[in-house]
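Data first, discussion second: the structure below is written as structure tokens.
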Amino acid sequence: MRRELGAFESALTLSDAHAPLNVVAVLRLEAGPPAEVLERGLEALRLRHPLLRARIAAEGGRYFFELRRVPAIPLRVVPRPDDAAWVEETEAELDERLDSGRGPLLRCAYLASDGTGACEILLTFHHAIMDAASATSLFKELLTVCGELEAGRVPESDEAPLLPAVEDSFPSAFRGWRRRQGVGRFMLRMLGAEVVDRWRARGRWNAPPPEPTRNRILSFQLSENETRALVRRSRRRRLTLHSVFDAATLLAVARRLYAGQSLPLRHLVFANLRPYLTPPVADENLGACFAMLRFTTALGPHRDLWKLAAEINAPVHAASKRGAKYLFQLTSAAAMRFLLRRDTDRMAATAISYTGPVRFDAAAPYRVRGLHAFVSNFRLGPEYTAQIRLYDSKLWWDILYLEPELDSPAARRLAGDIHALLTADETTP
Amino acid sequence: MTTDDVEIDDIRSLVCVQLGLARVVDEDHLVSDLGAESADVVNLIAAVEDKYGIEIAEDEIPDIHTVRDLYERVRGRR
């Protein structure tokens, strides 16, 4: 069985061929299953989800998921000398490419207990097979299956479908001849915006760092009270949390990486397409059902967080209403080829993904201490990226930066600025 | 008005105003049927909070799929 990759899946695969593009999701447990149960759990998932039995075949500039002769999901049991061991392991996973031509497109590392019972499960997957929604769902499924196996039961579930390319499920206004027309107009508009942005920036954007670069991570959380206060403030101003996070990150990056200059900065935001597809796609079905959108916003030395968030919120909302999330998806492979061929430009200054609330069933067999997620970056990618989610009534920020472009103290100062902006006392009503 | 007095008609009207629609039905899914974007959902939730003096936590929002779900939440039944 085979299925051609869609435009965005192809863009992700092109990017991965240039430099590793792994998603590493980290599930931290108070106590986990024995390694042999985890191995059987992974096998049960592999049998259920076609994309976990897939590899990516390249033929004449096109890519195909092939579901033949793909080995089992590799499981590596790793010593856990201390509670922070997962950080170094995650950084190593981000830098090591999956062999997509051979498959599978997922591997697992298990940081087994150091005697306290605590452990971490690291799932590293090719972005073309999974998004944040399906990765979270896969973790829930894995815990349920392992719980069943530990209880001596055989987990039962029907085989999940292999989803079509996401653009085949776009709304009718973005299919057929209307799609071609829309894509043509959109590409012209993007080209025009590119010229204007470059003229306004006049060479002040940071150049890509030289090779080699290394993915480095850091995390912080907003407390329950800070989270509640931030949600209230955002909602009172009718702003999405995504816009506020985007504004805070841009302000911190402008200050620390651009010395507070007045200049336009580009930022990537991500949209979950699952509920907008026809028919809507459940989180349980693996796939990369998301879109990446790029915007440009003027920054200056004394920008107010809330005003900037409002300036971001409005065009993102308007673009989403116009269907830009579909058009960005459809043009993503061409844009990625252009970026890689030029090899001189960064995609953006920042990239923010807010995936919303995440919950694990309180009755699940293993208690979850935390959930982290990171996506590999490379020298042409954004300068500072964050994956954010709401878990256990707190906002969890997972930040990724490239070394040597940034060192650990500089990345922490930037994260500290973001935290301070988000939790500052209000000075305006 | 207390939340006990809220009728589903009130919620339907609020959804219509916030999403710029002429008519909705109770089982309409806010996102997949009515095309609400995340900013629309924020506006709608904030409007409900202001009108009925309640607070809806961020992690409750994924449970509010339809117009009826929103009504049930305002009535405190969810």
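Before moving on, here are some points about what is shown:
- Only one of A:ALA72, A:ALA128, A:ALA44 that is closer than 19 Å to A:THR13 by Cβ, touching a Leu at 6+ places or on another chain (Cβ under 8 Å) and either modelled with pLDDT of 95 or more or in the same structural domain as A:VAL281 (by TED's automatic domain parsing) (or both): A:ALA128
- Test: A:LEU143 is out of contact with any Phe, Trp or Tyr (no Cβ under 7 Å at 6 or more places or on another chain) and of a type in the set (A, V, I, L, M, F, W, C): no
- Of note, B:ASP4 does not satisfy the criterion of being assigned to a helix (DSSP H, G or I), within 14 Å of chain A (Cβ to nearest Cβ), more than 25 Å from A:TYR326 (Cα to Cα) and not β-branched (Val, Ile, Thr).
- Taking first residues from region A:340-365 that are over 24 Å from A:LEU400 (Cα atoms) and partners that are among the polar types (S, T, N, Q), the Cβ contacts under 7 Å between residues at least 6 apart in sequence or on separate chains come to A:ALA364/A:THR144.
- Just one of the listed residues (A:LEU149, A:LEU142, A:LEU94, A:LEU98) is in contact with a strand residue (DSSP E or B) (Cβ under 7 Å, 6 or more places away or on another chain) and either assigned to a helix (DSSP H, G or I) or modelled with pLDDT under 95 (or both), namely A:LEU94.
- Filter result (assigned to a helix (DSSP H, G or I) and among the hydroxyl-bearing types (Ser, Thr, Tyr)) within region A:185-228: A:THR227
- Matching residues in region A:250-270 - criterion: being of a type in the set (Gly, Ala, Ser) and modelled with pLDDT of 95 or more: A:ALA252, A:ALA254
- Among the conditions (1) more than 14 Å from chain B (Cβ to nearest Cβ); (2) modelled with pLDDT under 95, A:PRO171 misses just one, which is (1).
- Residue match in region A:337-358 (condition: among the aromatic types (Phe, Trp, Tyr), under 30 Å from A:LEU29 (Cβ atoms) and either part of a helix (DSSP H, G or I) or within 14 Å of chain B (Cβ to nearest Cβ) (or both)): yes
- In the set A:ARG256, A:ARG236, only one residue is surrounded by fewer than 22 Cβ atoms within 10 Å (Cβ to Cβ) and under 20 Å from B:GLU60 (Cβ atoms); that residue is A:ARG236.
- Filtered residue count, region A:152-210, keeping only those that are among the hydroxyl-bearing types (Ser, Thr, Tyr) and more than 30 Å from A:ARG40 (Cβ to Cβ): 2
- Any chance B:ARG23 is buried (at least 20 other Cβ atoms within 10 Å of the Cβ) and more than 10 Å from chain A (Cβ to nearest Cβ): no
- Checking each residue in region B:46-60 for being more than 7 Å from chain A (Cβ to nearest Cβ) and either crowded, with 17+ Cβ neighbours inside 10 Å or not in a helix (DSSP H, G or I) (or both) picks out B:VAL48, B:TYR52, B:GLY53, B:ILE54, B:GLU55, B:ILE56, B:ALA57.
- Some residue of region A:244-265 being away from every other protein chain (no Cβ under 14 Å), hydroxyl-bearing (Ser, Thr, Tyr) and either on the phi > 0 side of the Ramachandran plot or in a strand (DSSP E or B) (or both): no
Each row is one residue, and each column tells you yes or no for (1) surrounded by fewer than 20 Cβ atoms within 10 Å (Cβ to Cβ); (2) part of a loop (DSSP other than H, G, I, E, B).
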{"position": "A:VAL269", "(1), (2)": "no, no"}
{"position": "A:THR278", "(1), (2)": "yes, yes"}
{"position": "A:VAL281", "(1), (2)": "no, yes"}
{"position": "A:GLU284", "(1), (2)": "yes, yes"}
{"position": "A:GLY287", "(1), (2)": "no, yes"}
{"position": "A:MET292", "(1), (2)": "no, no"}
{"position": "A:THR296", "(1), (2)": "yes, no"}
{"position": "A:PRO301", "(1), (2)": "yes, yes"}
{"position": "A:ALA309", "(1), (2)": "no, no"}
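- Among the residues of region A:379-413, those that are within 14 Å of chain B (Cβ to nearest Cβ), in contact (Cβ under 8 Å) with a residue 40 or more places away in the chain and outside any loop (DSSP other than H, G, I, E, B) comprise A:ILE388, A:ARG389, A:LEU390, A:LYS394, A:LEU395, A:TRP396.
The values are calculated or read from the model by the stated rules, or taken from the named source; none is laboratory data. This structure is a prediction, so every number in the text was calculated from the model and none was measured. All Cβ positions, even for glycine, are placed from backbone atoms using ideal geometry, and neighbour counts span all protein chains on display.
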